[in-house]
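Participant: This is the structure I want to talk about, given as structure tokens.
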Amino acid sequence: DQSISGDATCISVSHVERSKDLNENGEYNKIYVVDFTCVIIPKGGLINLDAIKFFIFDLINLGNMNIRHVSFDSFQSEAQRQWLKRHSINVDYISVDRTNEPYLNFIDYVFHGRVKCGKNIFLKNNMKSLKMSKRKSGSTKIDHMNGDIVNEGDGNWETSIVGSNAKDACDPVVANIELLNKYS
């Protein structure tokens, strides 16, 4: 989830595992494991969009991570997507805001314990800020609560409100799950 200034830019890496128990259909459920979600806050400056593609490239080539697919939403990502494709990295365009299905799936997976993630205050408070609202067209969308976006805090898991009134960290996690469902 890219931005230049104002909003946070977030990068998330996830993988899928199988549950250890069979479901009611006699199959193993997918468990979505969020390896990390990195939140980059511009703090009055600009975010270097090129750094995002190089970070992904470095995770694969220097970090030896087996990253099979990468996705971007549309915000100023065409140059990054083209560059990664030229370097033999599979890149998809995924917007989790066009329909409610990606977020509704995510919420269902979280509710049923099928999303595993380490402690990330920003992501936790993003999730607590989700709401359904109406578009001008009359259709619904998953959005975040209105209010001041909180990008700084004390890091206390119980009391910090860092990440409130935003969904910048949720979007890439939800997009990861969409990619995993598409290709796994």
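Participant: When the solvent-accessible surface of protein heavy atoms is calculated with a 1.4 angstrom probe, in what order do Leu104, Leu179 fall, highest first?
Facilitator: Leu104, Leu179
Participant: At a 1.4 Å probe radius, which order do Asp171, Asp148, Asp97, Asp21 fall into by accessible area, largest first?
Facilitator: Result, largest first: Asp148, Asp21, Asp97, Asp171.
Participant: Pick from Met65, Met127, Met145: which residue has the top mean-square fluctuation in a GNM of the chain where Cα pairs under 10 Å get a spring?
Facilitator: Maximum among the listed residues: Met65.
Participant: Relative to a virtual label point 7 Å from the Cα of Glu17 in the Cα→beta-carbon direction, which members of the range 158-184 show backbone nitrogen distances below 18 Å?
Facilitator: Answer for this model: 177, 180-181, 184.
Participant: Quote the FRET efficiency, to the nearest 0.05, computed for Lys182 versus Ser95 with a Förster distance R0 of 22 Å and r equal to the Cβ-Cβ distance. Intermediate results must be reported in sequence, preceding the final value.
Facilitator: Working: r = 14 Å, r/R0 = 0.61.
With a Förster radius of 22 Å, E is 0.95.
Participant: Still on this structure, I have one more. Where does the range 1-68 land on Rg/Rh, using Cα atoms and the Kirkwood Rh? Write down the numbers at each step before the final one.
Facilitator: On the way: Rg = 16.7 Å, Rh = 14.4 Å.
Answer for the range 1-68: 1.16.
Participant: Let me ask something additional. Past 20 Å, Cα to Cα: identify those pairs from Lys30/Lys53; Lys116/Lys141; Lys30/Lys116, in the order given.
Facilitator: Pairs exceeding the cut-off: Lys30/Lys53; Lys116/Lys141.
Participant: Return, for the Cα atoms of the chain, the radius of gyration and Dmax in Å, separated by a comma.
Facilitator: Rg and Dmax of the chain, Cα atoms, are 16.7, 53 Å.
Participant: Also, quick follow-up: Of all accessible surface on the chain at a 1.4 Å probe, what whole percent is carbon and sulfur?
Facilitator: 49
Participant: With viscosity set to 1.567 mPa s and temperature to 4 °C, compute the Stokes-Einstein D of the range 78-184, Rh being the Kirkwood radius across alpha carbon pairs; µm²/s, no decimals.
Facilitator: Details: Rh = 15.4 Å.
Taking Rh from Cα pairs, D becomes 84 µm²/s.
Participant: Something else about it: Using label points projected 7 Å from each Cα along Cα→Cβ, tell me how many nm separate His112 and Ser88, to one decimal.
Facilitator: Each label point lies 7 Å from its Cα, and together they span 3.8 nm.
Participant: If you roll a 1.4 Å probe over the heavy atoms of the protein chains, what accessible area per residue do you get for the range 1-131, in Å²?
Facilitator: 58
Participant: Arrange the residues Trp157, Trp83 by how much accessible surface each exposes, largest first, with a 1.4 angstrom probe.
Facilitator: Descending order: Trp157, Trp83.
Participant: Just the ratio, please: alpha-carbon radius of gyration of the range 122-184 over 2.2 N^0.38 Å, N its number of residues.
Facilitator: Working it through for the range 122-184, the quotient is 1.30.
Participant: Express the relative contact order of the chain as a whole percentage, based on alpha carbon pairs under 8 Å and six or more residues apart in sequence. Walk me through the numbers before you get to the answer.
Facilitator: On the way: 301 pairs, mean separation 46.0, N = 184.
Result for the chain is 25 percent.
The values are calculated or read from the model by the stated rules, or taken from the named source; none is laboratory data. Keep in mind that this is a model prediction, so the values were computed, not measured. Neighbour counts are summed over all protein chains in view; Cβ atoms, including those assigned to glycine, are modelled from backbone coordinates with ideal geometry. Protein only, heavy atoms only, side chains kept; ligands, DNA and RNA dropped before computing areas. Shrake-Rupley method; radii C 1.70, N 1.55, O 1.52, S 1.80 Å.
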